[in-house]
Amino acid sequence: MKRKKIWALGAVLCLGMQLLACGKRQTAGEEKIHVGVTYYNQSDTFLNQLILCLRERFEEMEQEGFEITITVRDAAGSQKTQDDQVKELLDAGCNVLCVNLVDRADPSEIIDLARENDVPIIFFNREPVAGDMMQWDGLYYVGADAKQSGVMQGELARDVIKENSSIDRNKDGKIQYVVLEGEPGHQDAIIRTENAVDTLKANGIELEKLECGIANWNRAQAQNRMMQMVSQYQNKIELVLANNDDMALGARDAYEKLNFTESALPVIFGIDGTDVGLLAVAEEKLSGTVYNDKEGQALAMAKLTIALVTGKGMEDIPFVNEKYVYLTYYKVTMDNIGDYLKQDEE
Ligand code: BGC
Ligand code: CA
């Protein structure tokens, strides 16, 4: 609506002053993009890498002639802090917001603020519930399909288990497994776990669940949980399914701390393909991971930002249900790790 007013004003000025210059692209600051970004916690490995990608995409777009400023805030795990940050970003004149919610079930305050200011929001990575996304038509989401990542993790584990009978260390025909789970309530936690386990079962792998430990996406917490599980189950654990790479690496840390030899370790799978995760796959410390396409997500967010401010290019965005953009995941193993390490260096 704001944009229409600016256009109308531009048209009136143009007629009144009969200036040719008015026909140029740059009308009333139309292409000045001020993006305000706030994310749930700067201790999160994946999010830090995603934000870095986002900055890079905006820098590239500046080189293409757009005038862009980006302000990034860390909400440090507090929804109240994030609400205040959104207020501050709007007061500073942001015309698009990119919000990685602290509490994905509590976006109402932020939505109200944005709506009052007629500034669209691109939520990312932490998906608001459908009902909240319907609150206003200036709301978008960029992320990935949790189910797909779980299925892929299950397929990776299936392949390794089928190829390597020694994984069933006690030879009982079943794979004893533990899960390291992300934050309760996060769309990527339970859905990843369920789909990884269901995929294994559907592929004829007999499973025995020993335990599921919540480690909130965090490497140190995962190490702690894993130390407890190893002290309880000793060498019974044959497979570790972690909802992300940091927790998979935390599991690895626990075994290293306990001085387990390589051959006594279970197979461990992560999700994300963060720099450390990919390196661990290359070094065979993780048996595989699922690439969470941060480059693709950052590019989609940057393109959507430009489209929302300029009104151009909206038709090129591959929306699902008019508001959602989901990037696809990819399986990463020792066989294709080279492609991903290279991609990361560029
Ligand atoms: C990632 C995790 C990350 C979480 C944060 C997930 O999609 O896989 O690594 O901690 O998002 O919201
Ligand atoms: Ca077994």
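Things worth noting here:
- Segment 147-292 - charge dipole about Cα centre, Lys and Arg +1 at Cβ, Asp and Glu -1, debye rounded to 20: 320 debye
- Contact order relative to length of segment 147-292, as percent, for alpha carbon pairs under 8 angstrom and 6 or more apart: 26 percent
- Seen from residue 250, the other residues with C-beta closer than 14 Å to its C-beta sum to a net charge of -2, counting Lys and Arg as +1 and Asp and Glu as -1.
- Couplings for segment 32-43, taken from phi via the Karplus curve 6.51 cos²θ - 1.76 cosθ + 1.60 with θ = phi - 60°, read 7, 10, 10, 9, x, 10, 9, 10, 5, 6, 6, 7 Hz in order; Gly and Pro are left as x.
- Neighbourhood net charge (12 Å Cβ-Cβ; Lys/Arg +1, Asp/Glu -1) for residue 218: -4
- Under a Gaussian network description of the chain, with springs only between Cα atoms under 10 Å, the residue in 273, 313, 296 that fluctuates furthest is 313.
- Our summary gives the chain a relative contact order of 16 percent, counting only alpha carbon pairs under 8 angstrom and 6 or more residues apart.
- Ellipticity estimate at 222 nm from DSSP helix runs (n ≥ 4, -39,500 (n - 2.57)) divided over the chain, nearest 500: -14500 deg cm²/dmol
- Only one residue of 72, 165, 131 has its Cα farthest out toward the positive end of the dipole of the chain, where Lys and Arg carry +1 and Asp and Glu -1 on Cβ, and that residue is 131.
- Against the rule of thumb 2.2 N^0.38 Å, how large the Cα Rg of segment 230-299 comes out: 1.18
- Segment 147-292 - Debye-derived log10 I(q)/I(0), Cα point model, q = 0.19 Å⁻¹: -1.10
- The coefficient of translational diffusion for segment 269-326, derived via Stokes-Einstein from the alpha carbon Kirkwood radius under 37 °C and 0.692 mPa s, stands at 247 µm²/s.
- Cα centroid separation, segment 68-123 to segment 136-192 (Å): 31 Å
- Cα Rg, Dmax, the chain, angstrom units: 23.2, 87
- Between 0 and 90°, nearest 10: helix 294-310 axis offset from the chain longest Cα axis: 10 degrees
- Those trypsin sites (Lys or Arg not before Pro) in segment 111-199 that DSSP places in a loop and that have at most 10 other beta carbons within 10 Å: 171
- With Cα atoms, 0 to 90° folded angle of helix 219-233 axis to the chain main axis: 20 degrees
Quick note: the coordinates plus some simple rules give every number you see, no bench work behind them. Computed from a prediction, not measured in an experiment: that's the story for all the values here. Cβ sites come from the backbone with ideal geometry, for glycine too, and all protein chains shown count toward neighbours.
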